[in-house]
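Student: Below are the structure tokens for one structure; questions will follow.
The values are calculated or read from the model by the stated rules, or taken from the named source; none is laboratory data. Being a predicted model, the structure only gives us computed values, none of them experimental. Ideal geometry is used to build each Cβ from the backbone, glycine not excepted, and the neighbour counts take in all protein chains shown. The area values use the complete protein model at the heavy-atom level, side chains included, leaving out ligands, DNA and RNA. Shrake-Rupley method; radii C 1.70, N 1.55, O 1.52, S 1.80 Å.
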Amino acid sequence: MSDLRDTLRAKAAELGFDVCRFASASDPWSAGERLAHFVEAGRHGEMGWMETTLERRAHPTAMWDAARTAIVLGMNYGPEHDPLPEMEDRSAGYISVYARGDDYHEVIKGRLKTLAGQLASRLSAEVKVFVDTAPLMEKPLAQRAGLGWQGKHTNLLSREHGNWLFLGVILCAADIEPDAAETEHCGSCTACLDACPTKAFPAPFQLDARRCLSYLTIEHAGPWPVEFRALTGSRIYGCDDCLAVCPWNKFAVAARETRLAARDISISPRLADLAALDDPTFRILFSKSPIKRIGRDRFVRNVLYAIGNSGDADLVASAERLLDDGSPLVRGAAVWALSRLVEAEAFAELREARLAGEDDEGVRAEWRLYSPSPSGEGG
Ligand code: B12
Ligand code: SF4
Ligand code: SF4
């Protein structure tokens, strides 16, 4: 079996994976109970697919009862430069490191299939391939295989790659000797918990996705709860704060996979340019990027929240133009951005001019949020 494992590891390295390790897919674990607790507490927010797949997701064998071994692959997506200074710059948008190149699902999937083909040709056993697309808990499997451990920020990190590691899994119906699991090395550190702008960790090792800016910028479809809009700063797709502050990144190196390399548009893009995107231009600009999946309207909503946080009066014209946008989601976010950028008196005039002509109830509610009430509330 060690011959098979060595062959697979060599092939995985050839395919561009940085780590390839083996774990039992059938031994029991507590991750399923923790997932159930996460969903029961409503921490998955609008990700209804977590609820509907809860039973199958709870353990690899609940999804595929023949599963015996998990081959867990990691691909390093480390940035060229420390992203922390970029996050603090309010004059440009911040796109998280994982989304700066081609969509990792596309990068990894074909290679997993190639590797799975090699495995199937050596064993007379069935194999299945997963990369964030099936109801499978990848992080606890990766920890069991020894790729790293789930840190207090809940992501898998390793001593070699720090936090910047994509995961992919092949399940196989044959028993293959497992590697040793990794143990936790966070110690007394709390850097990730302290760095989170929205306090999204109810406790170490637990996340409330509803408060997470990655969830809000990517998964949440409608207008955001108002409390999070100012906290997003310039983040317009995903969030890296809890990852970027981790001391284990000191050993990380830049990704070697060229398809994951940052495109020019994803490093400090000008907010005015992004606010001007129409649907066809958005699709061309973010072709093959994971950003394309959220669609132009949701993306421009995020850009408008960042414009509202920019403090840049030159961006008023960009936001004002979007008050006429066809999407109520965009118009509502433009209202919020303007409420932050223009003086109260000028805002009241705008509202006076616009509210009567607005027929969407959600956008009307956004305008009313900032109307001075008789008791002096609002603003
Ligand atoms: C849903 C999801 C999200 C959600 C929820 C994230 C989350 N932490 O659960 C949102 C949209 C917020 C998200 C964001 C991100 N995601 Co995401 N996401 C997923 C997905 C599809 C499922 C994760 C899941 O099952 N969550 C449910 C919770 C319950 O699971 P869990 O985190 O493992 O929970 C464990 C802990 O909470 C712990 N626990 C709970 N209670 C307790 C108590 C104690 C005492 C202890 C010790 C532990 C403990 O045990 C639980 C079970 O292991 C996976 C892909 C997959 N299929 O696995 C990608 C995945 C986790 N995401 C990934 C990435 C890259 C991200 C982002 C970094 C992207 C970005 N830059 O914006 C952020 C990171 C945010 C963060 N701090 O987690 C990568 C992470 C790679 C890695 N090295 O870990 C994955 C694995 C995708 C991939 N194939 O590479 N994501
Ligand atoms: S990704 Fe950002 S918002 Fe989400 S938990 Fe990490 S620091 Fe907090
Ligand atoms: S920042 Fe500290 S606590 Fe958080 S994952 Fe890294 S080592 Fe663990």
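Student: How many residues does region 97-117 hold that are over 22 Å from the mean Cα position of the chain (by Cα) and surrounded by fewer than 16 Cβ atoms within 10 Å (Cβ to Cβ)?
Tutor: Residues that pass the stated criteria total 3.
Student: If residue 252 passes every condition in (1) touching a helix residue (DSSP H, G or I) at 6+ places or on another chain (Cβ under 7 Å); (2) in contact (Cβ under 8 Å) with a residue 40 or more places away in the chain; (3) within 12 Å of ligand 1 (Cβ to nearest atom) but one, which one does it miss?
Tutor: (1)
Student: Hey, another quick one. Whether any residue in region 83-94 is crowded, with 24+ Cβ neighbours inside 10 Å and either assigned by the TED database to the domain that holds residue 133 or among the aromatic types (Phe, Trp, Tyr) (or both) is what I want to check.
Tutor: Yes, that holds for at least one residue.
Student: Give the residues of region 123-165 that are β-branched (Val, Ile, Thr) and under 20 Å from the mean Cα position of the chain (by Cα), sorted by residue number.
Tutor: If the condition is that a residue be β-branched (Val, Ile, Thr) and under 20 Å from the mean Cα position of the chain (by Cα), then 131, 133, 154 are the ones that fit.
Student: Regarding region 172-192, can at least one residue be identified that is more than 26 Å from residue 109 (Cα to Cα), within 9 Å of ligand 2 (Cβ to nearest atom), open to solvent by 20 Å² or more (accessible area, probe 1.4 Å) and assigned to a helix (DSSP H, G or I)? Give the derivation first.
Tutor: To start, the set of residues in region 172-192 that are more than 26 Å from residue 109 (Cα to Cα) comprises 183-192.
Remaining after also requiring within 9 Å of ligand 2 (Cβ to nearest atom): 192.
Now drop any that are not open to solvent by 20 Å² or more (accessible area, probe 1.4 Å), which leaves none.
No, every residue in region 172-192 fails to be more than 26 Å from residue 109 (Cα to Cα), within 9 Å of ligand 2 (Cβ to nearest atom), open to solvent by 20 Å² or more (accessible area, probe 1.4 Å) and assigned to a helix (DSSP H, G or I).
Student: If you don't mind, there's one more thing I want to ask. Taking only region 122-151 into account, find how many residues are open to solvent by 10 Å² or more (accessible area, probe 1.4 Å), in contact with a Leu (Cβ under 6 Å, 6 or more places away or on another chain) and not polar (S, T, N, Q).
Tutor: Residues in region 122-151 being open to solvent by 10 Å² or more (accessible area, probe 1.4 Å), in contact with a Leu (Cβ under 6 Å, 6 or more places away or on another chain) and not polar (S, T, N, Q): 7 in total.
Student: Can you give me the ranges of the helices (runs of 4 or more DSSP H) entirely in region 208-271 with at least 1 residues that are among the charged types (D, E, K, R) and surrounded by fewer than 21 Cβ atoms within 10 Å (Cβ to Cβ)? Working first, answer last.
Tutor: Numbers: elements: 213-218, 226-229, 241-244.
Because the criterion is at least 1 residues that are among the charged types (D, E, K, R) and surrounded by fewer than 21 Cβ atoms within 10 Å (Cβ to Cβ), the helices (runs of 4 or more DSSP H) in region 208-271 that meet it are 226-229.
Student: Wholly within region 279-379, which helices (runs of 4 or more DSSP H) include no fewer than the required count, namely at least 2 residues that are open to solvent by less than 60 Å² (accessible area, probe 1.4 Å), in contact with a Gly (Cβ under 6 Å, 6 or more places away or on another chain) and in contact (Cβ under 8 Å) with a residue 60 or more places away in the chain?
Tutor: Here the list reads 295-310, 328-341, 361-369.
Student: Identify, from the list 112, 167, the residue that is touching a residue at least 40 places away in the same chain (Cβ under 8 Å), farther than 29 Å from residue 233 by Cα and either away from ligand 2 (no atom under 16 Å from the Cβ) or in a loop (DSSP other than H, G, I, E, B) (or both).
Tutor: Of 112, 167, the one residue that is touching a residue at least 40 places away in the same chain (Cβ under 8 Å), farther than 29 Å from residue 233 by Cα and either away from ligand 2 (no atom under 16 Å from the Cβ) or in a loop (DSSP other than H, G, I, E, B) (or both) is 112.
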